[in-house]
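Structure first, commentary second.
The values are calculated or read from the model by the stated rules, or taken from the named source; none is laboratory data. None of these values were measured; they are calculated from a predicted model. Note that we place each Cβ from the backbone using ideal geometry, even for glycine, and neighbour counts take in every protein chain shown. Side chains are part of the model used for accessible areas, which takes the heavy atoms of the whole protein and leaves out ligands, DNA and RNA. Shrake-Rupley method; radii C 1.70, N 1.55, O 1.52, S 1.80 Å.
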Amino acid sequence: MRDILAEICDKKREHVADMKKVFSLPDLEAKAKAASPARSFISALKTKISAGHYGFICEIKKASPSKGLIRPQDFEPAALAAAYERGGAACLSVLTDIPYFQGNDGYLVEARSAVSIPVLRKDFMVDPYQVVEARALGADCILLIMAALDDSLAAELEDSAHHYGMDVLIEVHNQEELNRALKLKSPLVGVNNRNLKTMHVSLENTLSLVPQMPEGKIAVAESGLASVSDLEQCEAAGANCFLIGETFMRQSDVEQAVKNFQKG
């Protein structure tokens, strides 16, 4: 089977090279410094957990490589963001990758302007340029996918994010990636139940890896979360934060969908 993640990252490097011709790094840095202050992603999750709730990172996602078009109608990022916040989301995740997820940088700008909660730029980070770009767009957090990065680049991207006041969600999907992620500074570690190289989904990723995280780490279960029972299984393993996209995006009323999954 083709390595979908490698394909996406190759395309992303081409995209970044094109963007560098449009916006110079100094121009982006100026925009990043002028952006409204970053909102604390980690604090927002901790606040929900302290109140006895799940920490939901609710995703605005139109399509995906594995499922195709997920929300063909009623896709308005600002309205969806506001509905998520009313439903009790701690944070948002907004897809900005264009060719594989039908995302857009503008979606992040629209979503963040409609809420007071922090927003993750959900994209494939392969170049420090993208970190500055994320902050210039208003992102409060970036995603680092360990399967797509070597240790040196992961550390460089993390340091850059912290320099701009952003939090970092480090994503893993096997033991080797978890070991590497634990060498980084961020306490926020997501376990993706979807293997991005094959698109196979198994909740076992969360159930086996989260118990191995040391104290002080904030575990986030990602992908394949379709029921309250799934969340309860993950919580029993030690994860009480969840990044959920497709399950909510397929519902006509996303506010109520979040409320239906929330506890406390």
Estimated 222 nm signal from helices in the chain, with DSSP H stretches of n ≥ 4 weighted -39500 (n - 2.57), rounded to 500 | -13000 deg cm²/dmol
The distance between the Cα centres of the stretch 1-24 and the stretch 51-84, in whole Å, is 24
Past 23 Å, Cα to Cα, is the threshold; run K62/K122; K12/K61; K61/K197; K20/K122; K33/K183 against it and keep the listed order.
-> K33/K183
Compare the peptides 28-35, 79-86, 156-163 by average per-residue count of other Cβ atoms within 10 angstrom and give them in order, highest first.
-> 79-86, 156-163, 28-35
Per residue solvent-accessible surface (Å²) - the stretch 4-261, probe of 1.4 Å | 40
Selection from A51, P128, G238 lying farthest towards where the dipole of the stretch 4-261 points positive, charges on Cβ = A51
For the chain, what's the relative contact order in percent, using C-alpha pairs closer than 8 Å and at least 6 residues apart?
-> 22
Roll a 1.4 angstrom probe over the protein heavy atoms and tell me the percent of accessible area of the chain that is carbon or sulfur.
-> 50
Order these peptides, 130-140, 44-54, 63-73, by their mean beta-carbon neighbour count within 10 angstrom, highest first.
-> 130-140, 44-54, 63-73
